[in-house]
Amino acid sequence: MQTKMLEPDIKGINAAAELLRGGETVAFATETVYGLGADARNDAAVAKIFKAKDRPAFNPLIVHLADFDMLKDLAEIPDAAEKLLPLWPGPLTLVLPKKPASGLSDLVTAGLETVAIRVPAHATARAVLQAFGGPVAAPSANPSGKVSATSADHVLAGLQGKIAAILDGGPCGVGVESTIIGFENNQMVLLRPGGVAIETITQLTGQVPVIAKTGQITAPGQLQSHYAPDVAVRMNASEPRANEAWLGFGANPRQAPGLNLSANANLTEAAMALFDSLRKMDAICKRNGLAGFAVAPVPDTGLGLAINDRLQRAAAPRVNG
Ligand code: AMP
Ligand code: MG
């Protein structure tokens, strides 16, 4: 299959919507990372996402909607979820009880009674969702377990020839995946830290989300090894060892091949640079014959929680392949 590159103009948006209607897969820009979309009501189309990514079938996908109005046919909204709705459109995913007549493919929800929903803010994502006019299932547009894509080139590098098209919307502004919140007994549960800071959620709702128990693996974003470059990653380092490159945050301790997530220690800038930096660090290590790279400590506040979550999984032993 030849992967078409589409521009985010009317022609490109309509071509992307047409491919989705025809049951094909299209990668598109969102503010978090690039998503690999397919018609969420079409089993065969959704199956193509799992095949292109080589994603295990037990892992559910996030359903993307153009606007909040489309939600009422798909899912119930617990009282605790109502309070979070002002954060849409944006980098927030809510795991909600699925309505029996949702019409969603069971592959999307991996047979669960809940469905993960997001209304993205990115203009390109919104335009294609609007032109398509229905729910679009879209995980991150990268081979399963690998580093997420924050540019059209990243998508092409991982999925060329395996998907119908890429709708290029430029580099992603947030750079880490959405924050995922579920609900248990009307209490918020943080399933994955992401683009909306927990502090923002606490401020808005007056409540602190419960952290999901580890070991309850329901999806790849929760697997220990994920977002993994080929080379080894060592977190919270004070300086690089002899056989390591250096991924800095703030002032660099000493010269070593590498990059800085943000020289001014700015978490927003670091999140935006994260996945591109992981890809580039992989190449830098290989070019310099280094076994891996060390990463400077990143504070656990704001977007730092999501950055550290991704780094932890990038650094984890590769037991999941
Ligand atoms: P990705 O789209 O690659 O960022 O991965 C999708 C993420 O959505 C997974 O990591 C899950 O944590 C989450 N997810 C999707 N559906 C559900 C669900 N019904 N229950 C819990 N988590 C879900
Ligand atoms: Mg992913």
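Tabulated data for the structure shown
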{"item": "Vicinal HN-Hα couplings computed from phi for region 56-70 (Karplus, 6.51 cos²θ - 1.76 cosθ + 1.60; Hz; Gly/Pro x)", "result": "x, 5, 7, 9, x, 10, 8, 8, 9, 10, 5, 8, 4, 4, 6"}
{"item": "Two-decimal ratio, the chain, of alpha-carbon radius of gyration to 2.2 N^0.38 Å", "result": "0.97"}
{"item": "Mean separation of Cα contacts under 8 Å (6+ apart) over length of region 133-255, as relative contact order %", "result": "19"}
{"item": "Q2/D106 FRET efficiency (R0 45 Å; Cβ-Cβ; nearest 0.05)", "result": "0.90"}
{"item": "Most positive-pole-ward Cα, V119, V298, M70, against dipole of the chain from beta carbon charges", "result": "V298"}
{"item": "Order of R21, R279 - criterion: other Cβ atoms within 10 Å of each residue's Cβ, fewest first", "result": "R21, R279"}
{"item": "Estimated inter-spin distance, K99 and D69, nm [label 7 Å along Cα→Cβ]", "result": "1.4"}
{"item": "Contact order relative to length of region 245-321, as percent, for alpha carbon pairs under 8 angstrom and 6 or more apart", "result": "30"}
{"item": "Extension gain from N264 to A157, taking 0.36 nm per residue of separation minus the Cα-Cα distance", "result": "35.5 nm"}
{"item": "As computed over region 172-319, the Cα convex hull volume per residue (Å³)", "result": "110"}
{"item": "Simple Cβ-charge dipole of region 11-98, Lys/Arg +1 and Asp/Glu -1, about Cα centre, in debye nearest 20", "result": "340"}
{"item": "As computed over region 266-321, the Cα convex hull volume per residue (Å³)", "result": "95"}
{"item": "Cross-link pairs beyond the 21 Å C-alpha cut-off, checked among K162/K280; K51/K99; K4/K48; K48/K146", "result": "K162/K280; K51/K99"}
{"item": "Using alpha-carbon coordinates, inclination of helix 123-132 to the longest axis of the chain, degrees", "result": "30"}
{"item": "Dipole magnitude of region 1-153 about its Cα centre (Cβ charges: Lys, Arg +1; Asp, Glu -1), debye to nearest 20", "result": "300"}
{"item": "Sequence-distant aspartates and glutamates (8 or more away, or on other chains) whose Cα lies within less than 13 Å of K286", "result": "D230, E244"}
{"item": "Mean Cα-pair separation over length for the chain, i.e. relative contact order, pairs under 8 Å, 6 or more apart, %", "result": "20"}
{"item": "Nearest 10 degrees, 0 to 90: helix 304-315 Cα axis against the chain principal axis", "result": "70"}
{"item": "Sites Q255 and E199, calculated FRET efficiency, Cβ-Cβ separation with R0 51 Å, nearest 0.05", "result": "0.90"}
{"item": "Highest-MSF residue in the chain out of K162, K213, K99 [GNM, Cα springs under 10 Å]", "result": "K213"}
{"item": "Extended-chain gain in nm, criterion 0.36 nm per residue less alpha-carbon gap, K286 and D43", "result": "83.5 nm"}
{"item": "Cβ-placed point charges (K, R +1; D, E -1), dipole of the chain about Cα centre in debye, nearest 20", "result": "860"}
{"item": "Isotropically averaged projected area of region 43-96, using the convex hull of Cα atoms (one quarter of hull area), nm²", "result": "4.8"}
{"item": "Cross-link partners of K11 among lysines (Cα-Cα below 21 Å; sequence separation of 8 or more within a chain)", "result": "none"}
{"item": "Most fluctuating residue given options A242, A271, A251, as computed from a GNM of the chain linking Cα atoms under 10 Å", "result": "A242"}
{"item": "Using alpha-carbon coordinates, inclination of helix 267-287 to the longest axis of the chain, degrees", "result": "60"}
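Here, each number is a calculation from the coordinates, and none is a lab measurement. Not measured: the values here are computed from a predicted model. So basically every Cβ, Gly included, is an ideal-geometry build from the backbone, and we count neighbours across all protein chains shown.
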